[in-house]
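For reference, the structure is listed below as structure tokens.
The values are calculated or read from the model by the stated rules, or taken from the named source; none is laboratory data. No experiment lies behind these values; they were computed from the predicted model shown. Here the Cβ positions follow ideal geometry from the backbone for every residue, glycine too, while neighbour counts run over all protein chains shown. The accessibility values were calculated without ligands, DNA or RNA, using every heavy atom of the protein model including side chains. Shrake-Rupley method; radii C 1.70, N 1.55, O 1.52, S 1.80 Å.
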Amino acid sequence: MKIKIALAQFNTKLGDVPANLEKHLDLIDEARQGGADLVVFPELSLTGYALLDLAVDTAIRPHQDDPVFNELLAASQDLDLMFGFVHEDRRHRFHIASAYLSGGKTRHIHNKIYLPTYGMFDEGRFFAPGDSVRAFDTRFGRVGMLICEDFWHASLPYLLWLDGADMLLFASASPGRGLTQDPRLSSSGWVEHTNRAYAGLFTNFVVHANRVGYEDGLNFWGGSTIFDPNGDLIVRAPDFEPALIITEIDLNQLHRTRARLPLLRDERIGVVQRELERIQGNS
Amino acid sequence: MIDLTINAVLTEKIIAGFIRSELHRVGFKRALLGVSGGIDSAVSLYLSAKALGPENVLAIRMPYKTSSQHTLDDAQTMIDDLGVQSMTVEITDMVDPLVNKFDDMTKIRAGNIMARTRMIVLFDQSVAFNGLVMGSSNKTELLLGYSTIFGDSAAALQPIGDLYKTQVRQLAGHLGVPQAVIAKAPSADLWEGQTDEGELGFTYADVDRLLYLLVDQRYRPETCVEEGFERTFVERVVRRMRQNHFKRVMPPIAKLSERTIGYDFLYLRDWGT
């Protein structure tokens, strides 16, 4: 099976949900015209990233009663969507979240588990952490979603892999940093190394949508990528420039790679579980 | 290993994008700045011209009667080289009445008055030109507090505020800043014969390496001494950084209410744009 994935690498308007919704709908239209089956947006694509006190003002309920969410549900009738938003849950906790919509229905919502609250990051001050990670079924097979810092913790992609995800969908609003002699920032290189490693170690597809633009002095570097189950780069969007990159991927590569390299078959979950229990018992 | 080498192409791309983004999002397309003939304002000028187009940039020369002629000439060379708009506003007539009002006037006070007078000229012209004032502060001077608060530190944007002086020099070469400007001894030119390194008591090359360890690499001062930096030098720099922090932050507001600007009323400047 071959599918076309659109990476919607764009810039957001900080705290302006209606303006960002409009950009989403435009990009979805463009992706539809390009024959895309799935459009992947970056982290917090409906709101912008450094929200601070805007977090609560931009939050939505992921339900058809919400006019913004409902428009995206409608847009997902004929192609699948993954986008980022501030999720106000039933108990009025605010999460950084990604939603996966398909056929006019919500298939899955992931609340970001690891909220970086160090250095330049202050997410834990404004958001509640998610507490579960689940793979879910789509018309292209089983996938899993993670948001930025989530995939700096190897345990989460690993759990999604064990939970059946053959494709990892990553969303970021990654501020660029680390200027050296290299033609790319250290942050770009690091994220790309990590994603390539997950693709190779899990023999999975790894799809990463990162945003561009600036918020105050922060730059967002783009460079969205797709890696195949061999860890080979299928496509990379340009650094710093907005782009809608539509790429065909061949899901049969999973068969070919795993026939050659049965890492999933040989994974010893029992060993992991036993040793985790021992480690937890010791600590 | 201390390596302050930067990729100048990437640096230019990020900063030019920053200038465009921060101006355009608030409805401006023009920028202006004071051009002294020194390297920092030169780099800020070249970056602005590249980001916005020379026709959208106004370079203002603001000499005082003691300002050196070769510095003014260097500024003019760059203005001509880039084709930016330009203007010369003598500040002597504005500065001297205040300077002469007080018998106990000092060099430092007079220097601050000059820096703040230039600020007044720039912010006044920002209305006339319909542009935002670009800053020229680099990371070294921001960390050392080697600036006049509300004077040369006043700006709408600080495009080179995360580059050490050593890195500004590298970027200047890439941007095509004239060699004469890159090579000359850095000076605030607030009085005759003044040089930054003379006044600071150390060289930029040395202090940049030390600051890189202390700030970027989070070395303890003690470890910097072990790495070969002189103890008195390390202590002096650490003290300067701390004592001048007030120049880098907004003045603290006495908290009284449930929600106070700066403490729990938190928004980026780019709020809503």
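Below are the figures for this structure:
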item: Whichever residue in the range A:67-112 is in a loop (DSSP other than H, G, I, E, B) and open to solvent by less than 30 Å² (accessible area, probe 1.4 Å) and, among such residues, is nearest to A:GLN33 (Cα to Cα); result: A:LEU79
item: Identity of the residue in the range B:126-177, in a loop (DSSP other than H, G, I, E, B) and among the charged types (D, E, K, R), that ends up nearest to the other protein chains (Cβ to nearest Cβ); result: B:ASP162
item: Top-ranked residue of the range B:241-269 - restricted to ones that are loosely packed, with under 14 Cβ neighbours inside 10 Å and outside any loop (DSSP other than H, G, I, E, B), ranked as farthest from the other protein chains (Cβ to nearest Cβ); result: B:GLN243
item: Residue check, B:ILE2 crowded, with 20+ Cβ neighbours inside 10 Å and either assigned to a loop (DSSP other than H, G, I, E, B) or within 14 Å of chain A (Cβ to nearest Cβ) (or both); result: no
item: Top-ranked residue of the range B:6-40 - restricted to ones that are more than 14 Å from chain A (Cβ to nearest Cβ) and open to solvent by less than 10 Å² (accessible area, probe 1.4 Å), ranked as modelled with the lowest pLDDT; result: B:GLY37
item: So A:GLU275, is it more than 18 Å from the chain's Cα centre (by Cα) and open to solvent by 20 Å² or more (accessible area, probe 1.4 Å); result: yes
item: Enumerated strands (runs of 3 or more DSSP E) restricted to the range A:124-199, each holding at least 1 residues that are of a type in the set (Lys, Arg) and away from every other protein chain (no Cβ under 14 Å); result: A:141-147
item: Number of the condition not met by B:GLY272 [criteria: (1) within 14 Å of another protein chain (Cβ to nearest Cβ); (2) touching a strand residue (DSSP E or B) at 6+ places or on another chain (Cβ under 8 Å)]; result: (2)
item: Test: residue in the range B:205-225 that is touching a His at 6+ places or on another chain (Cβ under 8 Å) and either within 28 Å of A:GLY217 (Cβ to Cβ) or of a type in the set (A, V, I, L, M, F, W, C) (or both); result: no
item: Any hit, the range A:212-233, residues being more than 14 Å from chain B (Cβ to nearest Cβ), under 18 Å from A:THR12 (Cα atoms) and crowded, with 23+ Cβ neighbours inside 10 Å; result: yes
